[in-house]
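What follows is a single structure, written as structure tokens, with notes after it.
The numbers here are math on the coordinates, done by the rules we state, and not lab data. Only a predicted model underlies this, so the values are computations on that prediction, with no experimental measurement involved. FYI the Cβ positions are ideal-geometry reconstructions off the backbone, even for glycines, and counts take in every protein chain you see.
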Amino acid sequence: MTAPVLTIDLSAIAANWRALDAMTGCETAAVVKADAYGCGAGPVARMLAIRGVRRFFVALAEEGVRLRMALGPGPQIAVLSGHMEGDADRLRDADLTPCLNSVDQVLRHLMALPGHGFAIQLDTGMNRLGLPAYDWSGLRQVAFPAPAFVMSHLACADDPAHPMNARQLRAFRDMTDGMAVPRSLAATGGLLLGPDYHFDFTRPGIGLHGADPYRAGRPAVTLALPVIQTREISAGDTVGYSATWTAPRLSRITTVAAGYADGLHRVMGPKTALYAGDTPCPIVGRVSMDLITVDVTDLPEVPPALEILNAHQRADDLAVNAGTIGYEILTSLGARYARNYTGVT
Ligand SMILES: *Cc1c(COP(=O)(O)O)cnc(C)c1O
């Protein structure tokens with residue numbers, strides 16, 4: 001086996017969903033866009049559906065079609081980008097619920113698929129997706145079918161002290177109070193802000209993976225990189241492109257089979273270690289496209305693979321090393337990895 005092995009512990013994702021669900025008195029949906037944050041939308045969503053999740057979110061209709069094939073009929077699959085030009089057949093055939101974002105999308109949907117369910121996404125201040133207040137109040141003057149739900153998204157929920165949270169909450173209430181359909185405002189960050197933000201259902205994504213802002217959750221991924229070869233080098237020898245690392249002593253260097261083409265960003269190299277069991281071994285030299293070099297001088301024995309993601313070094317840790325967020329680390333997980341699922345019961 002030369003491909004790196006990404007092991008996804010579905011029982012950790014299930015435990016995180018249950019823990020988040022237990023923090024609210026309302027329904028808990030699951031956001032599985034971007035292939036369930038790199039972990040595989042099919043296996044993750046199937047497992048969650050068995051545990052009672054009835055509502056899933058994806059970004060694009062194409063993702064929704066694939067998810068419907070994995071889930072079969074039953075659970076609601078909502079598409080956050082709404083009803084885009086050319087989506088009608090996909091939305092109808094896969095029974096997807098578009099979250100309509102603009103007056104144009106509402107008109108397109110009612111013309112193309114009359115009688116087909118939809119949701120409404122409102123913009124409460126993030127200025128990214130959704131109907132702004134004035135378009136929404138205009139739309140409410142005309143008779144149109146009831147949406148499956150109305151939703152909005154918080155811009156600053158990962159910062160509980162940010163005044164934007166309360167402003168968006170007030171705007172959402174102003175725009176939806178009195179409506180007789182389910183309402184949803186909170187993703188992971190909003191769920192953690194407390195009951196004012198919960199409404200009828202929450203929509204966690206990153207929280208299912210135990211990453212910031214829900215680091216209290218269990219990490220679900222382990223990534224093991226196979227060792228291709230190990231060599232001894234002398235003090236003064238250099239390693240890798242641009243010879244950025246010089247051995248301070250007689251050293252053992254191991255080369256493993258993954259690199260920046262697999263989502264292990266070049267910039268994380270200098271601060272990141274690979275693990276042999278519980279022992280960290282520093283990356284030395286540049287991260288290459290398909291290869292990483294590691295100083296294993298202090299290991300009594302080099303194992304067949306070294307881990308870059310595990311309980312010691314989580315997606316959030318790699319994110320700090322790379323100057324980004326855990327979301328980007330997880331969604332960058334490479335297409336070349338062999339994916340291995342554990343914890344299926
Ligand atoms: C991505 C997304 C979510 C999930 O957000 P997390 O921060 O990953 O929990 C929920 N709602 C919308 C509209 C999103 O775009």
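Worth pointing out:
- Amide H to amide H distances under 5 Å link LEU131 with GLN121, LEU122, ASP123, where only residues 5 or more positions off or on other chains count and H is placed in the peptide plane.
- Segments 234-241, 102-109, 88-95 sorted - mean Cβ within 10 Å per residue, highest first: 102-109, 88-95, 234-241
- Percent of Cα pairs exceeding the 14 Å cut-off, where the set is the stretch 50-91: 43
- Local net charge near ARG231, Cβ-Cβ under 15 Å (Lys/Arg +1, Asp/Glu -1): -1
- Take the Kirkwood radius over Cα pairs of the stretch 162-221, plug it into Stokes-Einstein at 25 °C and 0.890 mPa s, and you get 197 µm²/s for translational diffusion.
- Relative pair counts by distance (%), Cα atoms of the chain, 10 Å bins: 5, 23, 28, 21, 13, 7, 2, 0
- q = 0.20, 0.21 Å⁻¹, the stretch 221-342: log10 I(q)/I(0) [Debye, one scatterer per Cα]: -1.12, -1.23
- Other-chain or far-sequence residues with amide H under 5 Å of LEU264's (modelled H): GLY259
- Here the peptides 137-146, 34-43, 111-120, 320-329 are ranked by packing, the mean other Cβ count within 10 Å, and the order with the highest first is 34-43, 320-329, 111-120, 137-146.
- Put simply, the Cα atoms of the stretch 110-208 extend 41, 28, 24 Å along their principal axes, the longest span coming first.
- The mean of 1/r over all pairs of different alpha-carbon atoms in the stretch 10-209, once inverted, gives a Kirkwood hydrodynamic radius of 16.9 Å.
- Evaluated over the stretch 1-110, the Cα radius of gyration and Dmax, each in Å: 15.3, 52
- Derived scalar couplings ³J(HN,Hα) [the stretch 50-60; Karplus, 6.51 cos²θ - 1.76 cosθ + 1.60; whole Hz; x for Gly, Pro]: 4, 8, x, 6, 10, 9, 10, 10, 10, 7, 10
- When the Cα convex hull of the stretch 228-283 is projected onto planes of every orientation, the mean area is 4.4 nm².
- Under Karplus coefficients 6.51, -1.76 and 1.60, residue-wise ³J(HN,Hα) of the stretch 138-150 in Hz, glycine/proline x: x, 4, 6, 6, 9, 6, 9, x, 5, x, 5, 6, 10
- Between the stretch 160-221 and the stretch 228-268, the Cα center-to-center distance that results, in Å: 43
- Annotation for the stretch 273-288 versus the stretch 75-140: alpha-carbon center distance of 46 Å.
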